[in-house]
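See below for the structure under consideration.
The values are calculated or read from the model by the stated rules, or taken from the named source; none is laboratory data. Because the structure is predicted, anything quoted here is derived from the model rather than measured. FYI the Cβ positions are ideal-geometry reconstructions off the backbone, even for glycines, and counts take in every protein chain you see. Accessible surface areas use protein heavy atoms only, side chains included; no ligands, DNA or RNA. Shrake-Rupley method; radii C 1.70, N 1.55, O 1.52, S 1.80 Å.
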Amino acid sequence: MRILLIEDEARMLELLRKGLYEAGHAVMTAGDGETGLEIAKSYEFDAMVLDVGLPRSDGFAVTRALRACSRATPILMLTARDAEDDIIRGLELGADDYMTKPFSFAELVARLQSITRPCRAETATRIGAGDLAIDAVRHQATRSGMHIDLSRAEFALLTRLARNAGKCVSRQELMGSVWGRDRGVSPGALDVLVNSLRSKIDAPFPGKLIGTVRGSGYMLRSHAPVARGSQG
Ligand code: CA
């Protein structure tokens, strides 16, 4: 894989660069946010490892700027321990996953593999629900024929819901599909992700597909209910 590593702590940067290089990856590095963003925009990468605390533009600003110019490169964020606000903010801005420092190198590699895998261990490649169509191989989603730009995490969530259209999928299962099992991801992160998915696949359309099953999880309706008047 081609990986961009943005981290200002020299020792950490060198450790990760060396480890990834030895694991057979092509690695480019940057020690500050601005330089990292320039590199990210200039070359194609399979994944980015992005520290949150960076000089000259932090990890949030880099994520925002990158997503604003429609770069969908999967982003693995590195945050300070237990900084839940940081985690939620990062995911909201379009990061695909995060790790809290300190972490093991093996875990970093596993996370990178998980965010770069286009679809997770399931078979059907085209999934439909109502006027929604998902192509799991091309990693594309359309609703009423309109292309919808989704982050990797949003796409994983939508795919899981669509494969079980008409049925409630538990919060635990959804979190497992997006971030992997036993990660101890904050439950708030799922709600943040659902909200951002809703803003893309439901907000622009009259019929709402994503339903909340209070206390259990979420479901994707097989058919959008008919909207009445200005009700949304
Ligand atoms: Ca840092």
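One table, with the values for the structure above:
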{"read-out": "Single match in Arg64, Arg89, Arg56 (criterion: more than 16 Å from the chain's Cα centre (by Cα) and in contact (Cβ under 8 Å) with a residue 24 or more places away in the chain)", "value": "Arg56"}
{"read-out": "Scope region 88-111; condition open to solvent by 30 Å² or more (accessible area, probe 1.4 Å) and of a type outside the set (Ser, Thr, Tyr); matching residues", "value": "Ile88, Arg89, Glu92, Leu93, Lys101, Pro102, Phe103, Phe105, Ala106, Glu107, Val109, Ala110"}
{"read-out": "Pairs, first more than 20 Å from Cys69 (Cα to Cα) in region 135-150, second open to solvent by 90 Å² or more (accessible area, probe 1.4 Å), C-beta under 8 Å, six or more apart", "value": "Asp135/Arg126; Ala136/Arg126"}
{"read-out": "Filter result for the condition that a residue is surrounded by fewer than 15 Cβ atoms within 10 Å (Cβ to Cβ) and of a type outside the set (S, T, N, Q), over Asp32, Asp58, Asp85", "value": "Asp85"}
{"read-out": "Test: Ala72 is of a type in the set (Gly, Ala, Ser) and either part of a helix (DSSP H, G or I) or within 24 Å of Gly19 (Cβ to Cβ) (or both)", "value": "no"}
{"read-out": "Single residue of region 23-33 satisfying the filter (within 22 Å of the chain's Cα centre (by Cα) and not small (Gly, Ala, Ser)) that is nearest to Asp8 (Cα to Cα)", "value": "Thr29"}
{"read-out": "Residue in region 42-63 that is nearest to Glu84 (Cα to Cα), counting only those that are away from the ligand (no atom under 16 Å from the Cβ) and in contact with a helix residue (DSSP H, G or I) (Cβ under 7 Å, 6 or more places away or on another chain)", "value": "Ala47"}
{"read-out": "Any hit, region 14-24, residues being of a type in the set (Asp, Glu) and within 12 Å of the ligand (Cβ to nearest atom)", "value": "no"}
{"read-out": "Candidate set from region 146-170 (those that are modelled with pLDDT under 90 and either on the phi > 0 side of the Ramachandran plot or in contact with a Gly (Cβ under 6 Å, 6 or more places away or on another chain) (or both)); member that is least open to solvent (accessible area, probe 1.4 Å)", "value": "Ser151"}
